[in-house]
1. To the nearest 20 debye, what charge dipole does the chain have about its Cα centre, counting +1 at the Cβ of each Lys and Arg and -1 at the Cβ of each Asp and Glu?
2. Can you list, bin by bin at 10 Å, the percent of alpha carbon pairs in the chain, starting at 0?
3. As a test of the formula, what do you get for the chain when each DSSP H run with n ≥ 4 contributes -39,500 (n - 2.57) and the sum is divided by the residue count, at 222 nm and rounded to the nearest 500 deg cm²/dmol?
4. Could you give the dipole magnitude of the range 1-51 about its Cα centre, charging the beta-carbon of Lys and Arg +1 and that of Asp and Glu -1, in debye to the nearest 20?
5. How many percent of DSSP beta bridges within the chain run antiparallel, rounded to 5?
6. Please state the charge dipole magnitude for the range 67-128, taken about the Cα centre, from unit charges on C-beta atoms (+1 on K and R, -1 on D and E), reported in debye and rounded to the nearest 20.
7. Please give the helix 300-321 orientation as an angle from the longest Cα principal axis of the chain, in degrees from 0 to 90, rounded to the nearest 10.
8. If one takes the longest principal axis of the Cα atoms in the chain, at what angle in degrees, from 0 to 90 and to the nearest 10, does the Cα axis of helix 91-101 lie?
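None of the figures in this text is laboratory data; all of them are computed from the coordinates on show. Because the structure is predicted, anything quoted here is derived from the model rather than measured. Because the Cβ atoms are built from the backbone with ideal geometry, glycine has one as well, and the counts that use them run over all protein chains shown.
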Amino acid sequence: MIEVKNVVKKYGDFTAVENINFNIKEGEIVGLLGPNGAGKSTTMNMLTGFIEPTEGEIIINGYDITKKSQKAKKQIGYMPEGVPLYNDLTVKEFVSYMADLKMISKRDKKENIRKVIEQTNLSDVQNKLIRNLSRGYKQRVSMAGALVGAPKILILDEPTVGLDPKQITEIRTLIKSLGKSHTIILSSHILSEVSQICEKVIIINKGKIIAIASPKELEEKVKNENSVQVTIEEKEKDIEKITTSIKGVKQIKFVKDNEDGTKEYLIISEENTDIRKEIFEKYAKEDITIYELKKQEATLEDAFMKLIEGNKEGEEKNVGNI
Ligand code: ADP
Ligand code: MG
């Protein structure tokens, strides 16, 4: 449905997107996940034909976005970042305007407008000015704009940013239901967000794709690495040396100072080993008092950070080689 081949986007000397490749199949809900400035919006703007790639090729349902841009664009409904700025239009006027922009025939227009207003649950407010709507409603208006013309593909840039939890749930439910009949790409900088809606996640950082996986696979990636969280009494001890001398320990990281004077650390061990007993015994021997000792379950957030950190290390290594 969507093929992205060796795509690069440069703004002057600055490379915002660096040689990305991915494919999206019909019916998939895919998350483009990355921190601010990663290149998500730039990538989406290229997919929609809003900006041209500096290099590479983008094929949308068989049509090249630069060579067959009209046909390619017809396949796509785009919801840009932020909410619509057409404050002086009513909801219905805005949707009608979008229908004109997309050159929907007069014959189909009325039915099209009715349908998207219904799909996005905006019937009650269709004659209200956009300016008077809440952030959650405005987001749905923007979604209605994307749905005009019944595109097969929806591209949603940060669809839940700035919404309160109730509005987030509403938008999520809407996206999921639209996912039954559309191919969807949405961007987010929040991992839990993407893992709840999407079946495939493309992780992007500093313009590069660092992983493409299912939320479950991402979790698997860090599952084997064990970490133990330990809270101990502050003492003049070389905690790093003591801890890393325990067999199986890879690393100890300082987490935080607690108000009661204790310190929290994270101890990372080799795969599939439980080092809690060894830690307990070693610390007892060294007269270090343990206040808390618990095994940490890896979360998707950890997987994300790990992948980004791995990416950074890779870059530093490259720099070192030059
Ligand atoms: P994201 O959506 O992931 O937050 P963007 O795609 O908006 O990231 O931006 C990626 C990088 O490209 C950022 O460093 C941003 O400052 C830069 N950038 C985005 N648009 C432009 C532009 N029009 N001109 C110059 N730099 C830009
Ligand atoms: Mg963005």
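1. On the way: 51 positive and 51 negative charges, 402 e Å.
That gives the chain a dipole magnitude of about 1920 debye.
2. Over the chain, the share of Cα pairs per 10 Å bin runs 5, 22, 25, 20, 13, 10, 4, 1, 0 percent.
3. On the way: 11 runs with 120 residues, N = 322.
Per the formula, -11500 deg cm²/dmol.
4. The dipole magnitude comes to about 80 debye.
5. Working: 41 of 58 bridges.
In the chain, DSSP labels about 70 percent of beta bridges as antiparallel.
6. Details: 14 positive and 8 negative charges, 120 e Å.
With Lys and Arg at +1 and Asp and Glu at -1, about 580 debye.
7. So the inclination is approximately 80 degrees.
8. Here the helix axis deviates by roughly 80 degrees.
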